[in-house]
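Asks: One structure follows; several queries about it will come next.
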Amino acid sequence: MSESTPRPIPWLGTIGVIDALDALITPSPEPTPEPRATARKRPQEPVAREAPTARATVLQQDTPAITATPTAPTAKPAPSRWRTLWTKLTARPKRPGSGLPARKSIVLLRNARRLSQAGFLLLFLFLLVRTEFRGGFAGGATIRMPYPVEAFLLADPFVALMTFLSTHTVYRSLWWSVGLVALTLVFGRVFCGWICPFGTLHHLFGWLMPNPKGNTTGGRRVEANKTRPYQKAKYYLLLGFLVAAVFGSAIGGLFDPICIAVRAIGLGVLPFVNYVTGRSLDAVSSGNIRLIQHATDGTRDALVATVLQPRQYFFHQTWIIGGLLFLVILANRWIPRFWCRALCPLGATLGVIAKHALIGMEKDHAKCTDCNLCLVHCQGADSPQGGVKWRQDECHACFNCEAACPEDVIKFRWLPNRKSTQGSPQLDRRKTLVTALAGACALPILRVSDTLDANYYDRLIRPPGSVAERDFLERCIRCAECMKVCPNNALHPAFLQSGIEGLWTPILIPRIGYCEPSCVLCGQVCPTGAIQKISEEQKLGNRERNIPHISIGTAFYDQGRCLPWSMATPCIVCEEFCPTSPKAIWVEEIDVPGREGRMVHVQRPHVDPKLCIGCGACEKVCPVQDRPAVYVTSVGETRSRTNVILLETENYNRT
Amino acid sequence: MAAHHGGDAGGRQRTRRSGWCKRTTHRSILRQTARTTTLPTDPMSDPAKLARRDLLTRGASALGIAAASALVARRFYDRGGWQGPQSSGRREVRDFRVRNAPGPSDFAIAHAALAGATPTQLTRHAVDALGGMARFISRGDRVVIKPNIGWDRTPLQAANTNPEVVAAVVTMAFEAGAHSVIVTDASCNEPGRCFQRSGIWTRAHRAGAQVLLPAEHRFRTMRLRGEVLDEWPVYRTLIEADKVINVPVAKHHNLAKYTAAMKNWYGVLGGRRNRLHQSIDRSIADLATFMRPTLTIVDAIRVMLRNGPQGGNVDDTQRTDTVIATVDQVAADAFGCTLIGQRPENLPYLHMGQARGLGTMDWRTLRPRELAFDGAGALTDYALAIPDDTAADEAAFAIGRRFLTPSSVILA
């Protein structure tokens, strides 16, 4: 009996029955094949538009349905378990209200959107996992990424616009983003709803972990999905970032969703998964049982060949990046797609463009019964419900609202009338002005602190092929592609080494990994040209063809810690690893007195600053474990005309 | 509204709920107790008093928990204190040598004048002179081949073993009936890059071998109990095999002076090997004591004369078109070092190896054979018979030196 009681629309009231307890007390003997469908049953007469969402009214509406519910004793044999399951799986919940079915095309579009989201998320993860060098028997001596693993960034109009404003150029494949602009001009923000992997993550988590105090379809969800003033924040952010870009900083990359996804997943989540898997398999195989070891080795080989990394990567201060990802994902619990609605500057860029989109929504307000089903499923908080204007710039074009609408109110159309459409965020003029001012002032404020022109951090070693520091900050969007691709785990997100302005830009930490001399992958994956696409010959130089090498720093000896220099012990691992030819590290053969007065023959290493490329191999392999006796600082880097040691460098001679 | 539907179900639910509450609250228990104490009953049925059974179970469980915690504490008791690692006991040895399989020679040098023979031919003839690969490998063996794939260098720079030589050894191992052949090394530079750019990945794979990259999980810490090497992570793949073939490249080493067969075992170790250089000769000897390969095939197709072991400049190398095959890794290095103009007596690790009984520095005692191809590819095969005296030592040294000149005329 209790199962056949109709359920009111949950967000309109709290009355109802608690199924589990009632079922205990009054076990119903007859099978009830369609509990969900009956539960959704509502009076068939259309409800007046004026009906407010007050509880009393709803109760009145519900009463006839309740009284009219009969218990139908049937003589039919109980359907088999499989049949019940099948009907459960295939049955569509009956739509409330008038129950008008959504257009076939819309249902199709919605399903296509889900597929597209899943596909693009997988593509993104695939490209991210593959953003690393994996050798192979088919490979030759020249090593490049076989396909553009940074594709998502290349198609990012926010990145393109920002770097265009800062450098007045569109770097190489960044023109792909024009395609995305065109797409937005036709379909609106389909990128957000259909493509963006970060948006899909938020969509997914908004669905997986809804508000704890209301259920997935509850009143709180409806409230959370209404258009709110905080959604303007992303436009102010966008404006601030773009103005800052005009003044010469690509710091907006900190907030670009693709950059965040690459950075947080590539530097945080993937190494985390690697670590947990590795440690678990270690624990399993620690018993020294041959059979188990073989099994774990095989598992690990298979995982490494597919999703895991061949070694454990560590990244500087990556817990902050991971923690921020966690927080922004967690926000979905209270406000679904909080990131996309409130903060995303790429979404704001596309929102501005989407105002001119060819596709749009028409609403028949008279038919709306305020059932709010559209709001329950709305992703962009773009006011799809009746009685208000649809916010085209906020809409992700997910088509959930039309698919959910039981009353034929919402219709997506080509070239719609714009009677109930609002396309612009209607920013406050004064706030806009202040934001632009803030963006303009940000850079001078950051630069008068001592990071760039004065007291430059000596260990700020940039990847090979990087442009000069000022140009670098104009271009680097902190996407972390270079750090992900670095085969030696040498590149790391800077924390405050180059000030707030350089937050999460790449720096080389030789103690963790050195710059592999023949590797130019960081430049290859850099989408904005902060690291230029250099060839192996350009990196290493070629004396015969008079091509100078690229240096990223210079090595120095801490003679008090060096074994041959201060402890009469032979070593020179640094010289062995020095990759240049002739070697930048040269040794002085000398007999030095040992403690007992016995002479010890040692080779004392020296650095030739003309030849040193600053790769850091010496620092990496120095056996003085905690603080190495040889270390690299950025001085002498090819990209800088000021950060130099020698009076002349080959660079000046060349021109 | 609740009249019909809710009245029934909801009402019951409420009573049930409140009843449930009554049973569990503290006050209800008190009330119950108060009521029951007034009743005159015998002690056994008096709920206010502990029943004997109850007393016993509670007491027993308390005792049990106390006893169990005491047992756990006793079992995992840690007295503390610290004792440094002690190296004791016998040296660990992984001996893959084949016994009771005599061949016509134990030391073969295959050498060609410029363009006289391919690396594959030289490797084949050198091994055949020892009696063929079948002397060393039995049907069904799991063979591991350890070339030098230490550096991110191309074959022309001669910092890694020649890929053709490696491929030839793989092919011969399969021909001798090997069940599986693994080619691997623990590289110094980034492994994927070393394996790919050295050309060994391609060639070994094409020859049918399984090319394994040194993954972290394939290393396990063990005690080598050597003089300077004790606890180190060891590359399990290299020591879990039936037969191990060492295929080093002959080259200069700035600290050890010459590196080939014995020094190639650095690739057995994981971890931070950079400490080894403080006593490089002793660590080489320790590693060569630990690893006794089935066969050593030294690639001297192109040797590095300067700036070893990494090189990087083709000018530092020279073609010598020589392959040495031997069962004695000390002899391999004693002869091999002459190829780069080094004298064996200058290499302390050779003396240590000989003193430890790993082999002999006097390769002339191993029934040496030389297989010489002239420029046209014609082969002369003869025993190298050099009398044992001081002048002959010079002559033996000269044999290696003369290979350095590419246009050298072959003896006989």
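Asks: Among the residues of the range A:268-298, write down those that are more than 10 Å from every other protein chain (Cβ to nearest Cβ), surrounded by 13 or more Cβ atoms within 10 Å (Cβ to Cβ) and closer than 30 Å to A:Leu325 by Cβ.
Replies: A:Gly268, A:Val269, A:Leu270, A:Pro271, A:Phe272, A:Val273, A:Asn274, A:Tyr275, A:Thr277, A:Val284 - these are the residues of the range A:268-298 that are more than 10 Å from every other protein chain (Cβ to nearest Cβ), surrounded by 13 or more Cβ atoms within 10 Å (Cβ to Cβ) and closer than 30 Å to A:Leu325 by Cβ.
Asks: Which of the numbered conditions does A:Asn211 fail, given that it passes all the others? Conditions: (1) of a type outside the set (Lys, Arg); (2) assigned to a helix (DSSP H, G or I); (3) crowded, with 19+ Cβ neighbours inside 10 Å.
Replies: (2)
Conditions tested, residue by residue: (1) of a type in the set (Asp, Glu); (2) surrounded by 18 or more Cβ atoms within 10 Å (Cβ to Cβ); (3) more than 14 Å from every other protein chain (Cβ to nearest Cβ).
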position: A:Ile552; (1), (2), (3): no, yes, yes
position: A:Asp558; (1), (2), (3): yes, no, yes
position: A:Val573; (1), (2), (3): no, yes, no
position: A:Glu576; (1), (2), (3): yes, yes, no
position: A:Glu589; (1), (2), (3): yes, no, no
position: A:Ser634; (1), (2), (3): no, yes, yes
position: A:Arg639; (1), (2), (3): no, yes, yes
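Asks: So which residues in the range B:182-204 are among the hydrophobic types (A, V, I, L, M, F, W, C) and within 9 Å of chain A (Cβ to nearest Cβ), if there are any at all?
Replies: The answer is B:Cys188, B:Cys194, B:Phe195, B:Trp201, B:Ala204.
Asks: Has the range A:495-516 got at least one residue that is within 23 Å of A:Phe152 (Cβ to Cβ) and surrounded by fewer than 23 Cβ atoms within 10 Å (Cβ to Cβ)? So that I can check it myself, show each step before the final result.
Replies: Of the residues in the range A:495-516, the ones within 23 Å of A:Phe152 (Cβ to Cβ) are A:503-506.
Next, only the ones that are surrounded by fewer than 23 Cβ atoms within 10 Å (Cβ to Cβ) stay: A:503.
Yes, that holds for at least one residue.
Asks: It is to be established whether one or more residues within the range B:122-144 are within 14 Å of chain A (Cβ to nearest Cβ), of a type in the set (Val, Ile, Thr) and either touching a strand residue (DSSP E or B) at 6+ places or on another chain (Cβ under 6 Å) or more than 23 Å from B:Ile109 (Cα to Cα) (or both).
Replies: To start, the set of residues in the range B:122-144 that are within 14 Å of chain A (Cβ to nearest Cβ) comprises B:142.
Remaining after also requiring of a type in the set (Val, Ile, Thr): none.
Looking through the range B:122-144, none of the residues is within 14 Å of chain A (Cβ to nearest Cβ), of a type in the set (Val, Ile, Thr) and either touching a strand residue (DSSP E or B) at 6+ places or on another chain (Cβ under 6 Å) or more than 23 Å from B:Ile109 (Cα to Cα) (or both).
Asks: Moving on to the next point. Has the range A:530-538 got at least one residue that is part of a loop (DSSP other than H, G, I, E, B) and facing chain B (nearest Cβ under 10 Å)? Step through it out loud before you land on a result.
Replies: Of the range A:530-538, the ones part of a loop (DSSP other than H, G, I, E, B) are A:530, A:532-535.
Applying the additional criterion that residues be facing chain B (nearest Cβ under 10 Å) yields none.
No, every residue in the range A:530-538 fails to be part of a loop (DSSP other than H, G, I, E, B) and facing chain B (nearest Cβ under 10 Å).
Asks: I'm trying to understand the selection: among the residues of the range A:468-485, which are in contact with an Asp or Glu (Cβ under 8 Å, 6 or more places away or on another chain) and under 18 Å from A:Arg144 (Cβ atoms)?
Replies: Of the range A:468-485, the ones in contact with an Asp or Glu (Cβ under 8 Å, 6 or more places away or on another chain) are A:473, A:477, A:479, A:481, A:484-485.
Scanning the range A:468-485 gives A:Glu481, A:Lys484, A:Val485.
Asks: Which residues, counting only those in the range A:539-550, are away from every other protein chain (no Cβ under 14 Å) and at positive phi?
Replies: Taking the range A:539-550 first, the residues away from every other protein chain (no Cβ under 14 Å) are A:545-548, A:550.
Listed by number, the list holds a single entry, A:Asn546.
Asks: For A:Gly188, state whether it is crowded, with 22+ Cβ neighbours inside 10 Å and on the phi > 0 side of the Ramachandran plot. Reasoning before the result, please.
Replies: Details: crowded, with 22+ Cβ neighbours inside 10 Å: yes; on the phi > 0 side of the Ramachandran plot: yes.
When the stated conditions are applied, A:Gly188 passes them.
Residue-by-condition table, conditions (1) at pLDDT 90 or above; (2) more than 14 Å from chain B (Cβ to nearest Cβ):
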| position | (1), (2) |
| --- | --- |
| A:Thr67 | no, no |
| A:Ala72 | no, yes |
| A:Lys76 | no, yes |
| A:Ala91 | no, yes |
| A:Ile106 | yes, yes |
| A:Asn111 | yes, yes |
| A:Arg114 | yes, yes |
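Asks: Still on this model: Out of the range A:551-563, which residues are under 12 Å from A:Gly614 (Cα atoms), in a loop (DSSP other than H, G, I, E, B) and touching a strand residue (DSSP E or B) at 6+ places or on another chain (Cβ under 9 Å)?
Replies: We begin by selecting, within the range A:551-563, every residue under 12 Å from A:Gly614 (Cα atoms); these are A:551-556.
Still in the running and in a loop (DSSP other than H, G, I, E, B): A:551-553.
Within the range A:551-563, A:Ile552, A:Gly553 qualify.
Asks: If you don't mind, another one. Output the number of residues of the range B:215-247 satisfying the condition of being part of a strand (DSSP E or B), surrounded by fewer than 19 Cβ atoms within 10 Å (Cβ to Cβ) and more than 9 Å from chain A (Cβ to nearest Cβ). Even if it seems obvious, please write down each step before you answer.
Replies: Residues of the range B:215-247 part of a strand (DSSP E or B): B:219-223, B:231-235, B:243-247.
Remaining after also requiring surrounded by fewer than 19 Cβ atoms within 10 Å (Cβ to Cβ): B:220-223, B:231, B:233.
Add one more test, that the residue is more than 9 Å from chain A (Cβ to nearest Cβ), and what stays is B:221-223, B:231, B:233.
Number satisfying all stated conditions: 5.
Asks: Another one. Quick one: in the range A:167-199, of everything that is in contact with a Phe, Trp or Tyr (Cβ under 8 Å, 6 or more places away or on another chain) and part of a loop (DSSP other than H, G, I, E, B), which residue is farthest from A:Asp156 (Cα to Cα)?
Replies: Across the range A:167-199, the extreme among qualifying residues is A:Val170.
Asks: Quick check: anything in the range A:420-433 touching a helix residue (DSSP H, G or I) at 6+ places or on another chain (Cβ under 9 Å), assigned to a helix (DSSP H, G or I), β-branched (Val, Ile, Thr) and on the phi < 0 side of the Ramachandran plot?
Replies: Kept after step one, since they are touching a helix residue (DSSP H, G or I) at 6+ places or on another chain (Cβ under 9 Å), are these residues of the range A:420-433: A:420, A:423-428, A:431-432.
Applying the additional criterion that residues be assigned to a helix (DSSP H, G or I) yields A:431-432.
Keeping just the survivors that are β-branched (Val, Ile, Thr) gives A:432.
Going one step further and asking which of them are on the phi < 0 side of the Ramachandran plot, we end up with A:432.
Yes, the range A:420-433 contains a residue that is touching a helix residue (DSSP H, G or I) at 6+ places or on another chain (Cβ under 9 Å), assigned to a helix (DSSP H, G or I), β-branched (Val, Ile, Thr) and on the phi < 0 side of the Ramachandran plot.
Asks: Next up: With respect to B:Ala101, is the statement that it is free of Cβ contacts under 8 Å to residues at least 60 places away in the same chain and within 30 Å of B:Asp321 (Cβ to Cβ) true?
Replies: Details: free of Cβ contacts under 8 Å to residues at least 60 places away in the same chain: yes; within 30 Å of B:Asp321 (Cβ to Cβ): yes.
So B:Ala101 passes the test.
Asks: Among the listed residues A:Pro593, A:Pro570, A:Pro605, which satisfies the condition of being at pLDDT 95 or above and on the phi < 0 side of the Ramachandran plot? Reasoning before the result, please.
Replies: Details: A:Pro593 fails: at pLDDT 95 or above; A:Pro570 fails: at pLDDT 95 or above.
Residue meeting the stated conditions: A:Pro605.
Asks: Output the residues belonging to the range B:189-214 that are within 23 Å of A:Cys618 (Cα to Cα), part of a loop (DSSP other than H, G, I, E, B) and either touching a helix residue (DSSP H, G or I) at 6+ places or on another chain (Cβ under 7 Å) or at pLDDT below 90 (or both).
Replies: B:Ser198, B:Pro214
Asks: Here are some conditions: (1) surrounded by fewer than 21 Cβ atoms within 10 Å (Cβ to Cβ); (2) in contact with a strand residue (DSSP E or B) (Cβ under 8 Å, 6 or more places away or on another chain); (3) of a type in the set (Lys, Arg); (4) more than 10 Å from chain A (Cβ to nearest Cβ). B:Lys257 meets all but one. Which one does it not meet?
Replies: So the condition that B:Lys257 fails would be (2).
Asks: While we're here: Do we have B:Thr123 as surrounded by fewer than 24 Cβ atoms within 10 Å (Cβ to Cβ) and of a type in the set (Ser, Thr, Tyr) here? Even if it seems obvious, please write down each step before you answer.
Replies: Values: surrounded by fewer than 24 Cβ atoms within 10 Å (Cβ to Cβ): no; of a type in the set (Ser, Thr, Tyr): yes.
For B:Thr123, the condition - surrounded by fewer than 24 Cβ atoms within 10 Å (Cβ to Cβ) and of a type in the set (Ser, Thr, Tyr) - is not met.
Asks: Return the pair list, or none, for Cβ contacts closer than 6 Å from residues in the range B:219-238 that are within 19 Å of B:Asp281 (Cα to Cα) to residues that are crowded, with 18+ Cβ neighbours inside 10 Å and hydroxyl-bearing (Ser, Thr, Tyr), at least 6 apart or on different chains.
Replies: From the range B:219-238, the pairs are B:Val228/B:Ser283; B:Leu229/B:Ser283.
Asks: Could you go through the range A:364-374 and let me know if any residue there is within 29 Å of A:Pro345 (Cβ to Cβ), surrounded by 15 or more Cβ atoms within 10 Å (Cβ to Cβ) and in contact (Cβ under 8 Å) with a residue 40 or more places away in the chain. First the steps, then the outcome.
Replies: Within the range A:364-374, the first condition is being within 29 Å of A:Pro345 (Cβ to Cβ), and the residues that meet it are A:374.
Right, trim to surrounded by 15 or more Cβ atoms within 10 Å (Cβ to Cβ) and you get A:374.
Within this subset, residues satisfying the condition of being in contact (Cβ under 8 Å) with a residue 40 or more places away in the chain are none.
No, because not a single residue in the range A:364-374 is within 29 Å of A:Pro345 (Cβ to Cβ), surrounded by 15 or more Cβ atoms within 10 Å (Cβ to Cβ) and in contact (Cβ under 8 Å) with a residue 40 or more places away in the chain.
Asks: Kindly check whether there is at least one residue in the range B:295-309 that is surrounded by fewer than 19 Cβ atoms within 10 Å (Cβ to Cβ), assigned to a loop (DSSP other than H, G, I, E, B) and touching a helix residue (DSSP H, G or I) at 6+ places or on another chain (Cβ under 7 Å). It would help to see each step written out before you state the result.
Replies: First, the residues of the range B:295-309 that are surrounded by fewer than 19 Cβ atoms within 10 Å (Cβ to Cβ): B:306.
Those still in the list that are assigned to a loop (DSSP other than H, G, I, E, B) too: B:306.
Now narrow it down to the ones that are touching a helix residue (DSSP H, G or I) at 6+ places or on another chain (Cβ under 7 Å): B:306.
Checked against the condition, which is being surrounded by fewer than 19 Cβ atoms within 10 Å (Cβ to Cβ), assigned to a loop (DSSP other than H, G, I, E, B) and touching a helix residue (DSSP H, G or I) at 6+ places or on another chain (Cβ under 7 Å), the range B:295-309 yields at least one hit.
Asks: Can you work out which of the residues in the range A:437-450 that are touching a Gly at 6+ places or on another chain (Cβ under 7 Å) and part of a helix (DSSP H, G or I) is farthest from A:Val243 (Cα to Cα)?
Replies: First, the residues of the range A:437-450 that are touching a Gly at 6+ places or on another chain (Cβ under 7 Å): A:438-439, A:443, A:446, A:449.
This time we only want the ones that are part of a helix (DSSP H, G or I), so: A:438-439, A:443, A:446.
Details: A:Ala438: 9, A:Gly439: 5, A:Leu443: 10, A:Leu446: 15 Å.
My answer is A:Leu446.
The values are calculated or read from the model by the stated rules, or taken from the named source; none is laboratory data. Not measured: the values here are computed from a predicted model. Methodologically, a virtual Cβ is constructed for each residue, glycine included, from the backbone with ideal geometry; neighbour enumeration extends over all protein chains shown.
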